[in-house]
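Following: one structure in structure tokens, then a few remarks.
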């Protein structure tokens, strides 16, 4: 690699769109609940994140570092990312918020390319991904698209009572995209659906499938045919794949949490 190639690689870094996802999501949720644009800090976090893709000398990166830059400076760069097919929908949603923040701040004409409003990234069941803050930490949860700041505060209070910040199984359950964290029966449904926490996939297999019975049958078959029982084994991979069809298996912090579907 020559000096120029090295410089170019440093100029445009591999984007890590989700490094500040929790902070950005919280900033957007607060703005949405209060019916306002995002604050300056959230706008800078979005620009900093986009600047990782646009390059360290880009207007986006500069705005992320210093807050300096205008709508006219940043618009050409974020539109390139907005129209890039590989840009995740969540990041396009962030660009929408950044664009309207800049329009509002600079009293510019609305951008004809971006949506006039901020449509939430909504699933078929009407839930959107959000962040709840409990015990000084943020956790992923799915809530109805139309929620208020007061409802979110009530939810965070209930989750604190349930010990969300210490209970990894509940954290895993709320990360499932079809679980409405605000549903009245969410906690009772969690307790009913939760099967257990396992340290390895094999441990989960032995607890949730007839694996040990099958292994015993295989040993018996091998002995009946004069084969060393250690010479034949069961491939766990297809069994685990079938297990995933029967259970929601969430791998989190080195553990596997199993829930009934």
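The values are calculated or read from the model by the stated rules, or taken from the named source; none is laboratory data. Quick caveat, the model's predicted, so the values are computed rather than measured. Because the Cβ atoms are built from the backbone with ideal geometry, glycine has one as well, and the counts that use them run over all protein chains shown.
Taking region 155-174, which residues are within 18 Å of residue 258 (Cα to Cα) and assigned to a helix (DSSP H, G or I)?
Step one: list which residues in region 155-174 are within 18 Å of residue 258 (Cα to Cα), which gives 164, 166-174.
Result: 168, 169, 170, 171, 172, 173, 174.
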**Prompt:** Can you find a residue in region 236-248 that is loosely packed, with under 13 Cβ neighbours inside 10 Å, within 30 Å of residue 139 (Cα to Cα) and touching a strand residue (DSSP E or B) at 6+ places or on another chain (Cβ under 9 Å)?
**Reply:** yes
**Message:** Condition check: at pLDDT below 90, assigned by TED's automatic domain parsing to the domain that holds residue 133 and either touching a strand residue (DSSP E or B) at 6+ places or on another chain (Cβ under 9 Å) or part of a helix (DSSP H, G or I) (or both). Does residue 177 satisfy that?
**Reply:** yes
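Considering only helices (runs of 4 or more DSSP H) fully contained in region 36-141, which possess at least 3 residues that are surrounded by 13 or more Cβ atoms within 10 Å (Cβ to Cβ), on the phi > 0 side of the Ramachandran plot and at pLDDT 85 or above?
Working: elements: 40-54, 59-66, 71-82, 89-106.
In region 36-141, no matching helices (runs of 4 or more DSSP H) lie anywhere.
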**Criterion violated by residue 195 - all others in (1) outside any helix (DSSP H, G or I); (2) under 23 Å from residue 127 (Cα atoms); (3) in contact (Cβ under 8 Å) with a residue 60 or more places away in the chain satisfied** = (2)
